[in-house]
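Just below is one structure, and these are the notes that go with it.
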Amino acid sequence: MTEHSPLHLEIKNLIKASGPMPVWRYMELCLTHPKFGYYVSRDPLGREGDFTTAPEVSQMFGELLGLWAASVWKAIGSPPLLRLIELGPGRGTMMADALRALRVLPPLHQALSLHLIEINPVLRQKQASMLSGVRDISWHDNIDDIPDGPAIIFANEYFDVLPIHQAVKGETGWHERTVDIDASGQLVFSAAAEPTPRFEVLLPALVRAAPVGAVFEWRPDAEIMKIAARVRDQDGAALIIDYGHIRSDAGDTFQAIARHSFADPLKAPGEADVTAHVDFQALARAAEDLGARAHGPVPQGDFLKRLGIETRAASLMAKASHEASDDIASALKRLIGGGRGGMGSMFKVLAVSEPRLTSLAGFEEARPHDRAQLS
């Protein structure tokens with residue numbers, strides 16, 4: 001990362017012209033600026049990129065999600081057309097693995113129409129190469145552009161990059177958090193001079209008692225509402241996998257990642273991945289308020305174990321060389337384990353379905369979503 005990026009100067013000029021910039025607008029520019037946005041023109045994945053997602057860790061992840069999709073397809077009556085949708089599909093690795101698993105069910109494989117939501121032209125090309133054998137595939141900028149029909153939707157590490165709003169608690173109320181320029185010309189966090197009127201009445205219970213200086217962050221409900229409305233009205237389910245917290249609470253999780261290490265989110269905007277943890281309680285509440293059913297959330301490790309990842313790993317290891325077997329064991333540990341480098345507890349899984357689907361694979365032992373606990 002360079003100390004200053006092309007977007008750094010543009011953001012400073014915007015602040016000089018219009019005043020401090022809300023955090024959500026800063027994050028939006030960092031990720032999707034039409035010329036300098038991080039997600040617009042590069043491949044950020046893998047060892048040579050800035051981060052690694054679960055599908056890049058092991059084929060087992062995508063294979064199990066494919067089998068999960070098969071179970072949902074059967075639960076909704078095995079329709080002759082199923083739209084398989086992925087939001088932010090990276091290089092297409094997860095979808096390729098899922099489709100390979102689905103070949104064991106020829107009627108489902110024949111029913112599939114594949115739809116990928118992707119704004120990055122570089123990644124679109126890699127997805128097209130990875131999925132070159134798929135007969136019915138199309139790309140879209142928005143889920144609204146996908147034709148009607150029963151659908152299964154995957155969103156793996158998608159919600160964490162949707163821009164967040166932040167507010168800071170002051171002595172007299174909650175103030176919108178902003179990005180400003182300090183006396184030395186550097187970008188710094190600041191806050192609006194006046195508190196947002198009656199902001200506290202909208203806050204979750206745990207946040208209302210937060211101390212002065214606490215930060216609360218939230219995302220608008222637009223994306224989860226689109227997903228929930230789709231599966232509620234047209235049959236199907238969505239699977240959302242991301243890192244985040246099960247309960248809404250105060251805390252500043254806005255962060256930047258470059259070359260697999262944490263970085264200052266205000267340095268070199270546009271050259272690092274900026275993200276924030278996902279509030280799964282807020283997602284579940286928004287989906288249920290719209291009339292869909294929420295399943296979970298549950299830790300990723302528990303979800304994958306219920307789907308049989310340990311059995312799948314054992315099967316792969318039995319046919320592998322000693323070195324490959326060690327790699328499979330390491331990948332399994334990373335996907336389901338906790339601690340440093342483990343994704344099993346930090347990542348959560350939430351499913352949203354049409355209301356008649358009362359049970360979904362991977363959530364069988366999870367307690368039913370309790371609306372009373374969300375107040």
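The values are calculated or read from the model by the stated rules, or taken from the named source; none is laboratory data. Model, not experiment: these values are computed from the prediction. In this analysis, Cβ positions are derived from the backbone assuming ideal geometry, glycine residues included, and neighbour counts consider all displayed protein chains.
Of note:
- When A214, A210, A238, A192 are screened for being under 30 Å from L335 (Cβ atoms) and out of contact with any Leu (no Cβ under 8 Å at 6 or more places or on another chain), only A238 passes.
- Of all the criteria given as (1) within 22 Å of A256 (Cβ to Cβ); (2) surrounded by fewer than 17 Cβ atoms within 10 Å (Cβ to Cβ); (3) touching a Phe, Trp or Tyr at 6+ places or on another chain (Cβ under 9 Å), the one not satisfied by E200 is (1).
- For the stretch 54-83, residues that are closer than 25 Å to G301 by Cβ and in a strand (DSSP E or B) total 0.
- For the residues L99, L116, the requirement of being assigned to a helix (DSSP H, G or I), at pLDDT 95 or above and either hydrophobic (A, V, I, L, M, F, W, C) or assigned by TED's automatic domain parsing to the domain that holds A237 (or both) singles out L99.
- Scanning the stretch 189-222 for residues that are under 15 Å from A284 (Cβ atoms), in contact with a strand residue (DSSP E or B) (Cβ under 8 Å, 6 or more places away or on another chain) and of a type outside the set (K, R) gives a single hit, W218.
To keep it simple, each residue is scored yes or no on (1) hydrophobic (A, V, I, L, M, F, W, C); (2) touching a residue at least 12 places away in the same chain (Cβ under 8 Å); (3) surrounded by fewer than 22 Cβ atoms within 10 Å (Cβ to Cβ).
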site	(1), (2), (3)
P269	no, yes, no
A272	yes, yes, no
T275	no, yes, no
G291	no, yes, yes
G296	no, yes, no
Q300	no, yes, no
R306	no, yes, yes
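- Entry remark, the stretch 336-351: residues being among the β-branched types (V, I, T) and within 14 Å of N156 (Cα to Cα) number 1 in total.
- The condition (being modelled with pLDDT under 95 and outside the structural domain of S184 (by TED's automatic domain parsing)) is satisfied by just one residue among L64, L31, L45: L45.
- Just one residue in the set A155, A228, A193, A222 is among the aliphatic types (A, V, I, L, M), surrounded by fewer than 17 Cβ atoms within 10 Å (Cβ to Cβ) and under 26 Å from G90 (Cα atoms); that residue is A222.
- Counting only strands (runs of 3 or more DSSP E) that fall entirely inside the stretch 122-219 and contain at least 1 residues that are polar (S, T, N, Q) and either within 30 Å of A268 (Cβ to Cβ) or in contact with a Ser or Thr (Cβ under 9 Å, 6 or more places away or on another chain) (or both), the qualifying elements are 137-140, 151-156, 165-170, 173-181, 187-191.
- Pairing residues of the stretch 336-352 that are without any contact (Cβ under 8 Å) to a residue 12 or more places away in the chain with residues that are surrounded by 15 or more Cβ atoms within 10 Å (Cβ to Cβ) and part of a loop (DSSP other than H, G, I, E, B), at Cβ distances under 9 Å and at least 6 apart in sequence or on separate chains, gives G339/S345.
- Within the stretch 175-191, being small (G, A, S) and modelled with pLDDT of 95 or more holds for S190, A191.
- Single residue of the stretch 231-246 satisfying the filter (among the aliphatic types (A, V, I, L, M) and not in a helix (DSSP H, G or I)) that is surrounded by the most Cβ atoms within 10 Å (Cβ to Cβ): I240
- Of everything in the stretch 247-296 that is among the β-branched types (V, I, T) and outside any loop (DSSP other than H, G, I, E, B), the residue that is nearest to E364 (Cα to Cα) is V278.
- You will find that of S18, S78, S71, the residue that is at pLDDT 95 or above and at positive phi is S78 and no other.
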